[in-house]
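The values are calculated or read from the model by the stated rules, or taken from the named source; none is laboratory data. As the structure is a prediction and not an experimental result, all values here were calculated from the model. With ideal geometry, Cβ positions are generated from the backbone for all residues, glycine too; neighbour counts draw on all protein chains shown.
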Amino acid sequence: MDMNEIKEIFFQECEEQLAELESGLLRLNDGDRDPETVNAVFRAVHSIKGGAGAFGLDDLVSFAHVFETTLDCVRSNRLEPNQDVLKVMLKSADVLADLTNAARDGGSVDEARSRQLIKELEALANGELPQAAVSEPAAKPAPPAAPVPAPAPAPVVNDEGFQPVAFSFDDFEASEPPAIEPSTFEILFRPKSELYAKGNDATLLLRDLSRLGEMSIHCDMDELPALGSMNPEAAYFAWKISLKTDKGEEAIRSVFEFAEWDCELDVALAGGNAGAGEELPMQPVPFDLSLLDGDVSASSGAAEDDEQVVAQREARDEAVSAAATASNVLQMAQTARASAESAKSASPASAAQAAAQQAASAATPTIRVDLDRVDRLINLVGELVINQAMLSQSVIENDTNGTSSINMGLEELQQLTREIQDSVMAIRAQPVKPVFQRMSRIVREIADMTGKSVRLVTEGENTEVDKTVIDKLAEPLTHMIRNAVDHGLETPEKRVAAGKNPEGTVRLTAKHRSGRIVIELADDGAGINREKVRQKAIDNDLIAADANLSDEEIDNLIFHAGFSTADKISDISGRGVGMDVVKRSIQALGGRINISSKPGQGSVFTMSLPLTLAVLDGMVVTVANQTLVVPLTAIVETLQPEASAIHSFGASQRLISIRNSFCPLVDVGRILNFRAIQANPVDGVALLVESEGGGQRALMVDAIQGQRQVVIKSLEANYTHVPGIAAATILGDGRVALILDVDAIVAASRGQTLKPEMSLAAAG
């Protein structure tokens, strides 16, 4: 592994640390005062600083150091993390992310902002509150009048107007610092398995510690298990150290700076409580850690010849070998004793229980894999599904018995293929938390630019969805967040006048529903001003002045390209670019979006997206001799219409009666221009479907072939966009089938007719 690969791993870990940092700061901002939350935030900055120092990223190191110092004040309860303090820290987290991205991609950051935040962080560390938190002191009574001193003589100035100042270099003479009496510290050092997993060495840490002064070490091996139950990756030893030094406790802790979170460390003055609880039985370790140093120096300080160097090296090697032998003997003796005691007292059940507990306490191992490799695996599994379907179709057509061993083997192959596909898709499933956390920064920036007070609340951050969907969620969510803060929420003054909390709330939630992921963005603002939207649409010739539109239709006008109700163009909005991009992005993902708004109470934007863009469970149907696939998640039930249940409505509309309620009947073949006249519903099958915002519709098809899992193939990438069609797939017989866009069909049934030139008849 070369340096570039190591550096890339560091930046990947930085992304995780930055996410942990922002998540912890937001929890603190919500009132969480758990010390572990503060420690997690501190560890994130500390880890970024340590890794950046190893790669010489000085700008990142210097900013992280100041940030870390301020967080240490919070950790030691010297600084209260109130709203004003956390506002500075959240901005600092943003700058830390910018510096990390600049170090990785070679970009630049706003140096003025960085310097300003460094000053604010240093002020916080020195006990100075932010300006917003400083209140005017109460008026104090005037002190008693003091005698007026005699006027001072006028200062003497030279011809150029400068005043001479008495100055002496004697004040800068070096003086001996006061002598510091050496103190004896008792140190308990108990490494965890994570310390060794990260490449640290306890022996090297002890060696560095020995350079601070006179040191004696005792080793605790009581936790060493029997040889048969020993875990080679676990940590069993602990060290109790007595160190006499004049460097102080801070110097001792700096030795363990990069291992502080992977060990138990207690440092206390001799005679005090080291926090170790009971006195641990220790075994002496008879070796000198200084022998592990690579440098060989003469005790007399005189020059050495080659023979002396060779002799000292041989002596050092013998000492190290003796130390290792002594240590091995102690370990073997301890192991033998533990094995004998375990054989006498421990039962197989208790041993198995202990092993299970040890396995449960171990961290789940992970591995980093390039996304391209996973994508290739997904494609191969998709081809496997298609070939399995083709093989099954061929056997079914040539085997009339239907009970042969080949059929049984094919059923097992189908089940195994499904399990492989589900497992591979689970690899690409990721929580939406990283995208949601990115929105926190956007909310803060837009709130500062608009002068509004905004609080972002997120729910369902651990809801998992396919990686390809997550990657394309950031852009539409960014536009929607900007729109919610800029257009949806009122200014604090207007909110107070309306009887609301001056702080507006934007709520971002994610949840699973019917095999899809539903993301809602809600605000408690003024809602959509429908009169203003309608008038703007008339001015832009989007609708006629006498058009009769429902509230829902008026709300959906904001999705037209170039539409904006902003009074003036700013850095945030006003150019008409935003919500149309949102709709196109969601539709490109195979999703849908709708709006629910109440004047004076706020708006809710609901996005419904597929969990994956690779496979889906579908119902294969026939319409006018064409084979289509209807997504199974949209189907509520299937039924065979009866003549008595069909009712005419208007000139061409028909309704079907289902359990004492009426549902519009939609002829799929007529809408897609597969046929010129409507078919007889009694001769076909009705699929009762449900869409977001469109209610229920009964889609009329000619016949149902069966339910199958199909691999999604993009129609736009290979041909062009076809209204009413979401994608395509390959069936078991090798034919191409089109996947129906249920929402587009439902919208067409409500009067939004598909364009003839883009219909399937025109597409050929």
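Within segment 446-465, can you find the residues that are within 30 Å of D372 (Cα to Cα) and part of a strand (DSSP E or B)? Within segment 446-465, E464, V465 qualify. Of the numbered criteria (1) within 19 Å of Q705 (Cα to Cα); (2) within 46 Å of the chain's Cα centre (by Cα), the one N673 fails is (1). Only a single criterion out of (1) in contact with a Phe, Trp or Tyr (Cβ under 9 Å, 6 or more places away or on another chain); (2) touching a residue at least 40 places away in the same chain (Cβ under 8 Å) is not satisfied by K49, namely (2).
As a summary of the residue check, V424 satisfies the conditions (1) under 25 Å from the mean Cα position of the chain (by Cα); (2) over 20 Å from L28 (Cβ atoms); (3) of a type outside the set (K, R); (4) not assigned by TED's automatic domain parsing to the domain that holds L377 except for the one numbered (4). Please identify the pairs in which a residue from segment 2-27 that is at negative phi has its Cβ atom under 6 Å from the Cβ atom of a residue that is of a type in the set (K, R), counting only partners at least 6 apart or on another chain. Note: pairs meeting the criteria are F11/R104. If you go through segment 657-669 one residue at a time, do you hit one that is outside the structural domain of G382 (by TED's automatic domain parsing), acidic (D, E) and surrounded by 19 or more Cβ atoms within 10 Å (Cβ to Cβ)? Checked against the condition, which is being outside the structural domain of G382 (by TED's automatic domain parsing), acidic (D, E) and surrounded by 19 or more Cβ atoms within 10 Å (Cβ to Cβ), segment 657-669 yields at least one hit.
Annotation: of all residues in segment 198-207 being touching a residue at least 40 places away in the same chain (Cβ under 8 Å) and out of contact with any strand residue (DSSP E or B) (no Cβ under 7 Å at 6 or more places or on another chain), the one that is surrounded by the most Cβ atoms within 10 Å (Cβ to Cβ) is L205.
Looking at S114, S108, S135, just one residue is in a loop (DSSP other than H, G, I, E, B), at pLDDT below 90 and under 24 Å from E68 (Cβ atoms), and that residue is S108. The test for being surrounded by fewer than 15 Cβ atoms within 10 Å (Cβ to Cβ), at pLDDT 50 or above and at negative phi does not hold for E173. Could you tell me whether segment 232-241 includes any residue that is loosely packed, with under 14 Cβ neighbours inside 10 Å and touching a residue at least 12 places away in the same chain (Cβ under 8 Å)? Looking for residues that are loosely packed, with under 14 Cβ neighbours inside 10 Å and touching a residue at least 12 places away in the same chain (Cβ under 8 Å), one finds at least one in segment 232-241, hence yes. A single entry from S183, S216, S210, S229 fulfils the requirement of being more than 12 Å from C263 (Cβ to Cβ), exposed (fewer than 14 other Cβ atoms within 10 Å of the Cβ) and hydroxyl-bearing (S, T, Y): S216. Restricting F10, F42 to residues that are out of contact with any Asp or Glu (no Cβ under 9 Å at 6 or more places or on another chain) and assigned by TED's automatic domain parsing to the domain that holds L99 narrows the list to F10.
Looking at segment 640-683, the strands (runs of 3 or more DSSP E) lying wholly inside it that each contain 3 or more residues that are under 21 Å from V742 (Cα atoms) and modelled with pLDDT of 85 or more sit at 653-658, 661-667.
For the criterion of being closer than 24 Å to V710 by Cα and touching a residue at least 12 places away in the same chain (Cβ under 8 Å), V604 fails.
Here is a yes/no grid of residues against (1) outside the structural domain of E22 (by TED's automatic domain parsing); (2) crowded, with 22+ Cβ neighbours inside 10 Å; (3) more than 14 Å from S585 (Cβ to Cβ):
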position	(1), (2), (3)
D448	yes, no, yes
I470	yes, no, no
L473	yes, yes, no
M480	yes, yes, no
K500	yes, no, yes
L508	yes, yes, yes
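Would you say L90 is under 17 Å from L57 (Cα atoms), assigned by TED's automatic domain parsing to the domain that holds E15 and in a helix (DSSP H, G or I)? Here the answer is no, as L90 does not meet what is asked.
Checked against (1) at pLDDT below 85; (2) part of a strand (DSSP E or B); (3) more than 32 Å from the chain's Cα centre (by Cα); (4) not basic (K, R), V620 passes all but a single condition, namely (1). Please determine, by comparing only the residues of segment 729-743 that are assigned to a strand (DSSP E or B) and under 35 Å from the mean Cα position of the chain (by Cα), which one is farthest from S392 (Cα to Cα). The residue in question is L740. Restricting attention to segment 64-79, does a residue exist that is assigned by TED's automatic domain parsing to the domain that holds N126 and free of Cβ contacts under 8 Å to residues at least 12 places away in the same chain? Yes - at least one qualifying residue is present in segment 64-79.
In the condition set (1) among the hydrophobic types (A, V, I, L, M, F, W, C); (2) over 22 Å from F563 (Cα atoms); (3) not assigned by TED's automatic domain parsing to the domain that holds I677, V623 is compliant with all but (3).
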